[in-house]
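Asks: Sharing a structure below in structure tokens format, with a few things to ask.
The values are calculated or read from the model by the stated rules, or taken from the named source; none is laboratory data. This one's a predicted model, so the numbers in the text were calculated from it and none came from an experiment. Every residue, glycine among them, receives a Cβ derived from its backbone with ideal geometry; neighbour counts consider all protein chains shown. Only protein heavy atoms, including side chains, enter the accessible area calculation; ligands, DNA and RNA are left aside. Shrake-Rupley method; radii C 1.70, N 1.55, O 1.52, S 1.80 Å.
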Amino acid sequence: MSLRTRVGALAGLTVGFVVALTALAAYLTVSAQLTRTVDENLLERADKSVSSMLGSPSTLVDVPAEAILAADLRVAIIRHDGEGWSAEGEESAPPLGEPELAVARGLEPQSVRTADLDGESFRVVAVPAGRGLALVLGQSTEQTERILDRMQVVSILVGALGIVIATWAGLSIAQAGLRPVRQLTEAAEHVAATQRLDPIEVEGNDEIARLAHSFNAMLAALAEARARQTRLVADAGHELRTPLTSMRTNLDLLAQSDREGGLPAEERAQIIADVRAQAEELSQLMGDLVELSRDDAPSASHERLDLADVVRDALARVRRRAPGVTFTADLRPWIVDGESRLLDRAVTNLLDNAAKYSPGDGIVTVTLRDGVLQVQDQGPGIADEDRPHVFERFYRSPEARARPGSGLGLAIVRSAAERHGGHVAAGRAESGGALLTMRIPGASSESLA
């Protein structure tokens, strides 16, 4: 069964149950009210009869019931010994029994009961009619039962109509209320069939509308992820094309020179060195791409380490690669939980970037305080329009495009910081150079809890 059918069926069953309870309560109430009305009427007639001029037992028995406004009644007198009289004998006598006899004997002030006589049901009352006597009136319950039967039929018809209307209303409401769910289902099927991440139209602000907004947000996130993937592939292809073309050109030159007698040893060595450098550039680029393709957060592999030690190790390597640049460091201990390899890669990229843009006799200042690593250089600095983009993948400012590199180093720095719960920022140092900042939360930070 569909959800719409289940909602409609549930509405119908609920209304049917309520209607059944209502009909039962109404039936019992009306039945009790009618019975009470009949009893009160019979007792009133009996009391008036025994107190009127016709109140003597002989008169009540001999006078027809019509004379005491009781044409619909059966009238009898019962004596304390059980003998009873009626105007027409047994044909006009009501049911007589122990309750009526108890009233005649003075044991009860009155009696009211339902009794059967010759297959017919009567409501019977008895009141004292003198010493040792009781007046008994009996009225058939046929009229009351007829009213209750009609009420029962009406209740059944109204209940059935109510169930039908409730089922129809439930199905209609379910269809209208579940329209956004159906749209979500169709949107999901459309995405699965066409791979198009088109958002769905949302109306209202209820829970289903919130679900639709969340679904649209998920589609937007998927679309953004797909766009980033597409840009990554396109940018990687663009960056790979240059070193591959250069390698192919150099290799073709070597092959052609070998066919024509070969190149001088110095030129040959230069070409081989260029090919080796281009191969290293390709290896570096592929490593950066692999690193950036990891979107997982640090897992059970991280360890507790001192970020200051990571910075010292990175400084030792970068000093060897950039002997003309002076590095000054002021490092305070800072214990973190993280991946030493990833943090080392990020710190090294920051230092390499500072060394690359520093002048030959420049000074790079490195400080680490309370988990904030700052690297300042004395280079040209970062233009204001470039600062929001320096940590993006493959982004290179016009001034940087003439320098070696792939534009992935600072992107790896940002990825490493975010995967450790931190963040990065770019600014301008007092010397006019670049100021790059990376903040990593400590081991006790809630971000790593």
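Asks: For Leu197, indicate whether it is of a type in the set (A, V, I, L, M), in contact with a Phe, Trp or Tyr (Cβ under 7 Å, 6 or more places away or on another chain) and in contact (Cβ under 8 Å) with a residue 24 or more places away in the chain. It would help to see each step written out before you state the result.
Replies: On the way: of a type in the set (A, V, I, L, M): yes; in contact with a Phe, Trp or Tyr (Cβ under 7 Å, 6 or more places away or on another chain): no; in contact (Cβ under 8 Å) with a residue 24 or more places away in the chain: yes.
It is false that Leu197 is of a type in the set (A, V, I, L, M), in contact with a Phe, Trp or Tyr (Cβ under 7 Å, 6 or more places away or on another chain) and in contact (Cβ under 8 Å) with a residue 24 or more places away in the chain.
Rundown of residues vs (1) more than 27 Å from Thr37 (Cα to Cα); (2) buried (at least 17 other Cβ atoms within 10 Å of the Cβ); (3) β-branched (Val, Ile, Thr); (4) modelled with pLDDT under 85, yes/no style:
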site: Glu120; (1), (2), (3), (4): no, no, no, yes
site: Arg123; (1), (2), (3), (4): no, yes, no, no
site: Ala160; (1), (2), (3), (4): yes, no, no, yes
site: Ala166; (1), (2), (3), (4): yes, yes, no, yes
site: Gly177; (1), (2), (3), (4): yes, no, no, yes
site: Pro180; (1), (2), (3), (4): yes, yes, no, yes
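Asks: Here is a follow-up. Given the conditions (1) in a loop (DSSP other than H, G, I, E, B); (2) exposed (fewer than 11 other Cβ atoms within 10 Å of the Cβ); (3) not β-branched (Val, Ile, Thr), report the number of the one that Pro199 does not fulfil.
Replies: Just one mismatch for Pro199, condition (2).
Asks: I've got another one for you. Collect the residues in the stretch 206-218 that are open to solvent by 60 Å² or more (accessible area, probe 1.4 Å) and touching a residue at least 24 places away in the same chain (Cβ under 8 Å), keeping them in residue-number order.
Replies: Leu211
Asks: Can you name the residue in the stretch 365-396 that is of a type in the set (S, T, N, Q) and assigned to a strand (DSSP E or B) and is also farthest from the chain's Cα centre (by Cα) among such residues?
Replies: Per the criteria, the residue is Thr365.
Asks: Find the strands (runs of 3 or more DSSP E) located wholly in the stretch 102-193 whose residues include 2 or more that are free of Cβ contacts under 8 Å to residues at least 60 places away in the same chain and more than 30 Å from Ile208 (Cβ to Cβ), and list them.
Replies: Values: elements: 111-117, 120-128, 133-140.
Because the criterion is at least 2 residues that are free of Cβ contacts under 8 Å to residues at least 60 places away in the same chain and more than 30 Å from Ile208 (Cβ to Cβ), the strands (runs of 3 or more DSSP E) in the stretch 102-193 that meet it are 111-117, 120-128.
Asks: How about the stretch 350-372: which of its residues are acidic (Asp, Glu) and modelled with pLDDT of 90 or more? Don't jump to the end; show me each part of the working.
Replies: Filtering the stretch 350-372 for residues acidic (Asp, Glu) gives 352, 361, 370.
If the condition is that a residue be acidic (Asp, Glu) and modelled with pLDDT of 90 or more, then Asp370 is the only one that fits.
Asks: Another question, if that's okay. Are there any pairs with C-beta distances below 7 angstrom linking a residue in the stretch 347-374 that is open to solvent by 40 Å² or more (accessible area, probe 1.4 Å) to a residue that is in a strand (DSSP E or B) and not aliphatic (A, V, I, L, M), with the two at least 6 apart or on different chains, and if so which?
Replies: Ile363/Thr326; Ile363/Thr328; Thr365/Thr328; Thr365/Gln376; Val372/Thr437; Val372/Arg439; Gln374/Thr367; Gln374/Thr437
Asks: If I filter the stretch 219-234 for residues that are open to solvent by less than 60 Å² (accessible area, probe 1.4 Å), within 16 Å of Leu184 (Cα to Cα), in contact with a Leu (Cβ under 6 Å, 6 or more places away or on another chain) and in a helix (DSSP H, G or I), do I get at least one hit?
Replies: Within the stretch 219-234, one or more residues are open to solvent by less than 60 Å² (accessible area, probe 1.4 Å), within 16 Å of Leu184 (Cα to Cα), in contact with a Leu (Cβ under 6 Å, 6 or more places away or on another chain) and in a helix (DSSP H, G or I).
Asks: Still on this structure, please answer the following. Give the residue, chosen from Glu260, Glu266, that is open to solvent by 70 Å² or more (accessible area, probe 1.4 Å), modelled with pLDDT under 80 and not aliphatic (A, V, I, L, M).
Replies: On the way: Glu266 fails: modelled with pLDDT under 80.
The unique qualifying residue is Glu260.
Asks: Turning to a different aspect of this structure: Looking at the structure I just gave you, is Leu133 in contact with a helix residue (DSSP H, G or I) (Cβ under 6 Å, 6 or more places away or on another chain) and open to solvent by 20 Å² or more (accessible area, probe 1.4 Å)? Walk me through it before giving the result.
Replies: Working: in contact with a helix residue (DSSP H, G or I) (Cβ under 6 Å, 6 or more places away or on another chain): yes; open to solvent by 20 Å² or more (accessible area, probe 1.4 Å): yes.
Considered against the rule, which asks whether it is in contact with a helix residue (DSSP H, G or I) (Cβ under 6 Å, 6 or more places away or on another chain) and open to solvent by 20 Å² or more (accessible area, probe 1.4 Å), Leu133 comes out as yes.
Asks: List pairs: first residue in the stretch 318-334 and farther than 16 Å from Val375 by Cα, second residue surrounded by 10 or more Cβ atoms within 10 Å (Cβ to Cβ) and small (Gly, Ala, Ser) anywhere in the structure, Cβ distance under 7 angstrom, at least six positions apart or on different chains.
Replies: Note: pairs meeting the criteria are Pro333/Ala308; Trp334/Ala308; Trp334/Gly371; Trp334/Gly442.
Asks: Please enumerate the residues belonging to the stretch 27-51 that are among the aliphatic types (A, V, I, L, M), at pLDDT 80 or above and open to solvent by 40 Å² or more (accessible area, probe 1.4 Å).
Replies: Within the stretch 27-51, Leu28, Val30, Ala32, Leu34 qualify.
Asks: Here is a further query. Being more than 15 Å from Phe122 (Cα to Cα), surrounded by 12 or more Cβ atoms within 10 Å (Cβ to Cβ) and modelled with pLDDT of 65 or more, is that true of even one residue in the stretch 59-76? Working first, answer last.
Replies: Our first condition is that a residue be more than 15 Å from Phe122 (Cα to Cα); within the stretch 59-76, this holds for 59-69.
From what is left, the residues that are surrounded by 12 or more Cβ atoms within 10 Å (Cβ to Cβ) are 59-65, 67-68.
Still in the running and modelled with pLDDT of 65 or more: none.
The answer is no; no qualifying residue exists.
Asks: Out of Arg320, Arg294, I need the residue that is modelled with pLDDT of 70 or more and basic (Lys, Arg). Which one?
Replies: Working: Arg294 fails: modelled with pLDDT of 70 or more.
Only one candidate qualifies: Arg320.
Asks: Filter the stretch 86-101 down to the residues that are touching a residue at least 12 places away in the same chain (Cβ under 8 Å) and part of a loop (DSSP other than H, G, I, E, B), then identify the one that is most open to solvent (accessible area, probe 1.4 Å). Give the derivation first.
Replies: Looking only at the stretch 86-101, we keep the residues that are touching a residue at least 12 places away in the same chain (Cβ under 8 Å), and these are 86-87, 92-97, 99-101.
Filter once more, keeping what is part of a loop (DSSP other than H, G, I, E, B): 86-87, 92-97.
On the way: Ser86: 21, Ala87: 55, Ser92: 22, Ala93: 18, Pro94: 6, Pro95: 9, Leu96: 73, Gly97: 23 Å².
That would be Leu96.
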